[in-house]
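See structure below.
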Amino acid sequence: MKFYIKAVLVTWVGLSLLFGEGEQLFVELGDFELENGQIIKDCRIGYRILGEMNADKSNIILYPTWFGGSSEHVSGLIGPGKFVDNSDLCVIIVDALGNGVSSSPSNSKKQKNGKFPEFTIHDMVQSQYRLLKEHLGIQHLYGIIGGSMGSFQTFEWVVCYPDFMDKALPYVCSPALSSYDLLQLQLQLEIIETARKARYPEQKIQRLANIMTELFGHTPEYVVEKHPADEFEKYLLGFDHEPSHQFTSWNKASQIRAMLGHNIFRHFEGSEENTAHSIKAEILMIVSATDHIVNPIPALKFARILDCEVVVLENNCGHLAIGCEMARCSRIVGDFFKR
């Protein structure tokens, strides 16, 4: 018994040192069954841990990645004085299915590209749940935070595992997509699929998709202000670069399909009121009034039903409004997780 306890302590100290470095880590989930009954063979989930866990693991924050984002991208927002100050927190960032780090169409050895099964936001959450419980021994989270597609995962978490966290902060968020959101996602998906059928090269497909994301990511006012018409050719040249080998068009399409199905109310036969009653975590939402990628109307309506705090950013930065008010938003996030 003494040997066992000593071994556990040594292992825990070693893991704590490793976690604090924020290195890319992986866990193998084996054959992972999806919501639709299909299987991701040899499923692998990437994650990073930044900060030290308390002895009782009471200071852990989960941070799912956004659309196309990776744990490496998110890690740049974590640290003293940053968006999420982890001076007293341990932040676990998990790479979402389809991002090119965790199991994805691009990196699957047995189900490459078009053979990769179709997954959902719920499947992303299930993979994270298994990582936390089965592999990290975490039974409860202090909080969860996520933006854009990360907010979809955050909302899915609070309804599927309502007792698992104390706090949740979805930003540029929605509990269910509006018709406008669905329309722009469908357009992006059809651009990718049509270009692939036309046998466009990967660089061209990604260029088209990236231009569309840029178009919807900011407001027209922001684009006009930052990119004068007489500098348009230079602006356009910014899209002419080597294609990403991590977030390929196959991966992008797979995450778009997952987002197209996002709707937490489906777990309660479409009832927003019953969904709200199921949530036990303290919620704070941050939305952008000028968001053209994730329309704020569904989140604002649901916040009224939840009677939760909601912060509305009024700048002209659209979906990227957080970045234009980073100092203010950092204070809001810090205050929420401290109180």
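The values are calculated or read from the model by the stated rules, or taken from the named source; none is laboratory data. Since we're looking at a predicted model, the values are computed, not measured. Here the Cβ is made from the backbone with ideal geometry for all residues, glycine too, and neighbour counts use every protein chain on show.
Residues are listed down the side, and each one gets a yes or a no for (1) of a type in the set (D, E, K, R); (2) over 29 Å from ASN54 (Cα atoms):
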site	(1), (2)
GLN111	no, yes
PHE119	no, yes
SER127	no, no
SER151	no, no
VAL159	no, no
LEU169	no, no
SER179	no, yes
ARG199	yes, yes
ARG207	yes, yes
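Residue selection: PHE83 fails the criterion of being hydrophobic (A, V, I, L, M, F, W, C), surrounded by 14 or more Cβ atoms within 10 Å (Cβ to Cβ), at pLDDT below 95 and over 24 Å from GLU118 (Cα atoms). Restricting the first member to the range 202-215 and to residues that are over 23 Å from LYS226 (Cα atoms), and the second to residues that are β-branched (Val, Ile, Thr), the beta-carbon pairs closer than 7 Å and six or more apart or on different chains are GLU202/THR248; ILE205/ILE192. Of the residues making up the range 280-303, one or more are in contact with a strand residue (DSSP E or B) (Cβ under 7 Å, 6 or more places away or on another chain), surrounded by fewer than 16 Cβ atoms within 10 Å (Cβ to Cβ) and assigned to a helix (DSSP H, G or I).
Considering the range 106-138 alone, what residues qualify as being touching a helix residue (DSSP H, G or I) at 6+ places or on another chain (Cβ under 7 Å) and either among the charged types (D, E, K, R) or under 27 Å from ARG266 (Cα atoms) (or both)? Within the range 106-138, PHE116, GLU118, PHE119, THR120, ILE121, HIS122, MET124, VAL125 meet the criteria.
What about LEU34, is it buried (at least 18 other Cβ atoms within 10 Å of the Cβ), more than 17 Å from the chain's Cα centre (by Cα) and within 23 Å of LEU260 (Cβ to Cβ)? Spelling it out, LEU34 is indeed buried (at least 18 other Cβ atoms within 10 Å of the Cβ), more than 17 Å from the chain's Cα centre (by Cα) and within 23 Å of LEU260 (Cβ to Cβ).
Yes or no, residue by residue, for (1) in a loop (DSSP other than H, G, I, E, B); (2) assigned by TED's automatic domain parsing to the domain that holds PRO162; (3) among the hydrophobic types (A, V, I, L, M, F, W, C):
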site	(1), (2), (3)
THR194	no, no, no
LEU208	no, no, yes
LYS234	no, no, no
GLU242	yes, no, no
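Which residue pairs have Cβ atoms closer than 6 Å, lie 6 or more positions apart in sequence or on different chains, and pair a first residue in the range 315-339 that is in contact (Cβ under 8 Å) with a residue 24 or more places away in the chain with a second residue that is crowded, with 17+ Cβ neighbours inside 10 Å and among the acidic types (Asp, Glu)? From residues that are in contact (Cβ under 8 Å) with a residue 24 or more places away in the chain, the pairs are GLY318/ASP291; HIS319/ASP291; GLY334/ASP85. Residue check, LEU131 against (1) among the hydrophobic types (A, V, I, L, M, F, W, C); (2) surrounded by fewer than 20 Cβ atoms within 10 Å (Cβ to Cβ); (3) more than 17 Å from HIS319 (Cβ to Cβ), all met but one. Which one? Looking at each condition in turn, LEU131 falls short on (2). Taken together, the criteria exclude CYS173 from residues that are closer than 22 Å to GLY46 by Cβ, of a type in the set (A, V, I, L, M, F, W, C) and in contact (Cβ under 8 Å) with a residue 24 or more places away in the chain.
Restrict the check to the range 179-192 and report whether at least one residue is at pLDDT 95 or above and over 27 Å from PRO243 (Cα atoms). First the steps, then the outcome.
To start, the set of residues in the range 179-192 that are at pLDDT 95 or above comprises 179-192.
Still in the list and also over 27 Å from PRO243 (Cα atoms): 179-180.
Among the residues of the range 179-192, at least one is at pLDDT 95 or above and over 27 Å from PRO243 (Cα atoms), which makes the answer yes.
Do you know which residues across the range 1-42 are at pLDDT 95 or above and either under 28 Å from ASN86 (Cβ atoms) or outside the structural domain of GLY137 (by TED's automatic domain parsing) (or both)? Reasoning before the result, please.
From the range 1-42, those at pLDDT 95 or above are 23-42; that's our starting set.
Across the range 1-42, the qualifying residues are GLU23, GLN24, LEU25, PHE26, VAL27, GLU28, LEU29.
Selection within the range 241-260: residues that are surrounded by fewer than 14 Cβ atoms within 10 Å (Cβ to Cβ) and either among the small types (Gly, Ala, Ser) or modelled with pLDDT of 95 or more (or both). The member of this set that is nearest to MET212 (Cα to Cα) is GLU242.
Which residues, taken from the range 191-212, are surrounded by fewer than 16 Cβ atoms within 10 Å (Cβ to Cβ) and under 22 Å from ASP291 (Cβ atoms)? Quick ask: steps written out before the conclusion?
Going residue by residue through the range 191-212, those that are surrounded by fewer than 16 Cβ atoms within 10 Å (Cβ to Cβ) are 193-194, 197-199, 201, 203-204, 211-212.
Correct list: ILE211, MET212.
Please work out which residue is surrounded by the most Cβ atoms within 10 Å (Cβ to Cβ), limiting yourself to the range 213-229 and to residues that are of a type in the set (A, V, I, L, M, F, W, C) and out of contact with any helix residue (DSSP H, G or I) (no Cβ under 7 Å at 6 or more places or on another chain). Ranking the candidates gives VAL223 first.
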